[in-house]
1. For segment 114-170, what is the convex hull volume of the alpha-carbon atoms per residue, in Å³?
2. Computed over the Cα atoms of segment 214-301, what is the convex hull's projected area averaged over all directions, in nm²?
3. If I compute solvent accessible area with a 1.4 Å probe over the protein chains, what percent of it on the chain is carbon and sulfur?
4. Rank by packing, highest mean first: peptides 42-49, 412-419, with packing defined as the count of other Cβ atoms within 10 Å averaged across residues.
5. Percentage of Cα-Cα pair distances in segment 60-163 greater than 22 Å, rounded to whole percent?
6. Where in segment 263-277 does the amide nitrogen come within less than 17 Å of the point 7 Å from the Cα of Lys317, taken along Cα to Cβ?
7. May I ask you to order 328-341, 294-307, 254-267 by the average number of other C-beta atoms within 10 Å around their residues, highest value first?
8. Once both axes come from the Cα atoms, what is the angle between helix 466-484 and the longest principal axis of the chain, in degrees from 0 to 90, rounded to 10?
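The values are calculated or read from the model by the stated rules, or taken from the named source; none is laboratory data. Treat the numbers as computed from the prediction; the structure is a model and nothing was measured. With ideal geometry, Cβ positions are generated from the backbone for all residues, glycine too; neighbour counts draw on all protein chains shown. Surface areas here come from the heavy atoms of the whole protein model, side chains and all, with no ligands, DNA or RNA. Shrake-Rupley method; radii C 1.70, N 1.55, O 1.52, S 1.80 Å.
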Amino acid sequence: MAKRDYAAAVQALNTLQSNFSIVDAIRKSGKGMNKQAIPEMIEWCRKIGYEPSNFDRLRPIHIAGTKGKGSTSAFISSILAQYTKPSAGSSTKPTKIGLYTSPHLRSVRERIQIDNEPISEDLFAKYFFQVWDRLEAAVDAENTPADVPTKPVYFRYLTLTALHAYLEEGVDSVVIECGIGGEYDSTNILLKPTVTAVTSLGIDHTAMLGSTLPEIAWHKSGIFKPGSVAFSAPQKEEAIAVLQERAKERSNQLHVIDVHPDLASNKVKLGLSASFQKTNASVAIAAAAAHLRALGHTSIPDPTTTPHIALPPEFIKGLEEVRWPGRCEVRREKNVAWHIDGGHTLESIEVTGQWFAEQMAAANAAPGSVKAAPRIMIFNQQTRDANALAKALYTALQAGITSDATSPFTHVIFTTNQTFSEGYKPDLVSINTNQQDVDTLAVQKALANTWSEIDSTADVKVLKTIEEAVITARQIAANWAKEAGADAEVMVLITGSLHLVGGALEMLETHPVK
């Protein structure tokens, strides 16, 4: 491998993706999660020179859940970032906060952050190839047979790279978001997290985690550890019972965190606008408080004995300043208000619908609003039951319909996750979908038929790329502005797959309105 730059690292990383045929076979096999995943991951760690105990010095916070685990992780990291600078006159060095999340939207570097910024391309390439070279050296040292993999798969490799980078960069605390599940997730090699937390649970990844809430709760609670504080968002009773039992098995007590009063009353204005983010932020408050107390910040109240702690100014600042692109995000350009939120499960698409309904109601109530303005949706979900998601979204949006409208959208666009008509960005490449379905627009055509059945008034289009979808939405908005006035604004909802959201953000950033 001649080049050792960022582009070469991403290209090499993409060779570790599981292709569609492998992923599909796993889904259909019904075998569930690989029960050897943790021993295998520990062995990969050893090949690059680490034991799981080496990661204790990162003082990790471990987050699992179905919905909101990324947002919760971002809230925690944003709060902890307010405590990184030493007090005036102190000789203490500034602390560094790591944040490891998935998936990425525009750049794979987003997954590995330090102080709430993705690591640089140079640092990513440096640590990526250090891991690569150590694994290559292990092959030579161990005379690995030709039919045995010499590199872990994509997510495991990124987890190794992240942990290696955090140790090399001297990170003091790190927030680690699980990939899938918890018990057998690659991140669950952590031995001594200060805090573990489970966010809202729902039905997802059923082939690997099971099809019932108790089964899914069992997997998620696998992150609980003796000596760590265990938190959960409010759950259905059948899930709470499993979480409590699993915590007890690990000599732990589960603490269920309700919405903090300062968030319920809107006394604190969250950086992520949707009402459901109050649940995520409340779990984050408890997790950050328990973690900071473990680091010696004893002036912060104990969230295990004081359910709703008085929020220090640093907490309020962290909650208000959090940024998490593509999640309940609103971006404005000439004539368009882009509303962007990934929703890939039935539960998450419903809360996306509720959020957009809130946004529609606020827009309709605004002085000078034009209620006849077009509303547009751009949607895709390539691998799950896309039709069920579309129906759930439509149902959730009914709450936002005004008295003079009959449907949530005047225009609906279904597209693939392919970003551009020509050329591509390696960070956005995904090979775990059915390429034949993508090429024939099979999913999109089925979605168009479904939407036309539930809303015959909408103008429904099927387009090949995200680029075409964005251009089409902009053209609809421009045409409306000619009729309604230069300042007229059209609301557009982009939702479904996070791959779609990432491609849309890439398009909006690289092809702004001129």
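1. Details: hull volume 4.8 nm³, N = 57.
Roughly 84 Å³ of hull volume per residue.
2. The directionally averaged projection comes out at 6.6 nm².
3. Values: 11100 of 21630 Å².
Carbon-and-sulfur percentage of accessible area, whole number: 51.
4. Values: 42-49: 16.8, 412-419: 25.0.
Top of the packing list down: 412-419, 42-49.
5. Working: 2447 of 5356 pairs.
The proportion of pairs with Cα distances above 22 Å equals 46 percent.
6. What the label zone holds, given the 17 Å backbone N cut-off, is 268-271.
7. On the way: 328-341: 18.8, 294-307: 14.0, 254-267: 16.6.
Answer by packing, highest mean first, reads 328-341, 254-267, 294-307.
8. Here the helix axis deviates by roughly 40 degrees.
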